[in-house]
1. Could you check the spin-label model distance between E120 and D203? Points 7 Å from the Cα along Cα→Cβ, value in nm.
2. When only alpha-carbon atoms count, how far does the range 7-155 stretch along each of its three principal axes, as whole angstroms with the largest first?
3. Between helix 140-154 and the chain, what is the angle of the helix's C-alpha long axis to the longest principal axis, kept within 0 to 90° and rounded to the nearest 10?
4. Which is the longest stretch in the chain that no exposed loop site breaks, taking sites as GluC sites (Glu not before Pro) with a DSSP loop state and at most 16 other Cβ atoms within 10 Å?
5. At 222 nm, what value in deg cm²/dmol follows for the chain if DSSP H runs of at least 4 each add -39500 (n - 2.57) and the sum is divided by all its residues, to the nearest 500?
6. Restricting to Cα pairs below 8 Å that are 6+ residues apart, what does the relative contact order work out to for the range 103-204? Please round to a whole percent.
7. Rounding to the nearest 20 debye, state how big the charge dipole of the chain is about its Cα centre with +1 on each Lys and Arg Cβ and -1 on each Asp and Glu Cβ.
8. Cα to Cα, under 26 Å, and not fewer than 8 places away if on the same chain: which lysines meet these conditions relative to K75?
Amino acid sequence: MKLFIDTANIEDIRQASQWGVISGVTTNPSLIAKEGRKLEDVIKEITTLVDGPISAEVDESTSEVMVAQAKELVKIHKNIVIKLPMTPDGIKACSELTSLGIKTNVTLVFSVPQALMACEAGATYISPFMGRVDDFGESGADLIERIMVMINNYGYESQVIAASIRNLAHVEQASLAGADIATIPFAVLKKMFCHPLTDAGLDIFAKAKKQ
Ligand code: E4P
């Protein structure tokens, strides 16, 4: 499973990219707003740090407005992926951008029928939100599993990005369900290194060296 970082924070991206395991970046309007900078400026800077797909989200609007915004965003860099909302206009924009050869990421996916629509529109990526589904009282892990079955049944080429990841269990569940990618906040990525037995083992070895 490929690992993307889910943030618009340049320092976090810089640090995580040094590990050599981050192959893409996803942003969203909340993450951009947190940085207090223009979407275009943040995205441009991210392209200098990560050589992989970088999702930039268009404003929820008519398909015409979203397509126009997408055409401007892709001028920033060849790695830009246009993130579109799971709405009729978002799907219409997805179909049009697909026919123009522009990569897309359909976001805010919470069900198999929604994922199916995105696949049929030729989405490059589909982002089901694990954490928010759990918060809603359903299972994010189960959602990823069911979407993977649907995609494999028909051989769709859309890749699943497990999103809204809140903890290590989500990372594990996404990987066991066969998600292509997980987009992970920096705080959770750092936790992926950790296990108390690793710390205890390091302690034991350090003590042994001193004897
Ligand atoms: C996905 O691309 C989104 O940016 C993100 O995973 C949303 O997660 P949240 O539910 O923590 O806002």
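1. Computed distance between label sites E120 and D203 equals 5.7 nm.
2. So the extents along the principal axes, rounded to whole Å, are 38, 34, 27.
3. Value to nearest ten degrees: 60.
4. On the way: sites that count: E60, E138, E157.
Here the longest run is 61-137.
5. Only helices count here, giving -15000 deg cm²/dmol.
6. The normalised contact order for the range 103-204 reaches 24 percent.
7. Working: 20 positive and 26 negative charges, 160 e Å.
Using Cβ point charges on Lys, Arg, Asp and Glu, the chain gives about 760 debye.
8. By straight Cα distance, K75 reaches K2, K34, K38, K44, K83, K92, K103.
Just so you know, all these numbers are worked out from the coordinates, no wet-lab data involved. Quick caveat, the model's predicted, so the values are computed rather than measured. With ideal geometry, Cβ positions are generated from the backbone for all residues, glycine too; neighbour counts draw on all protein chains shown.
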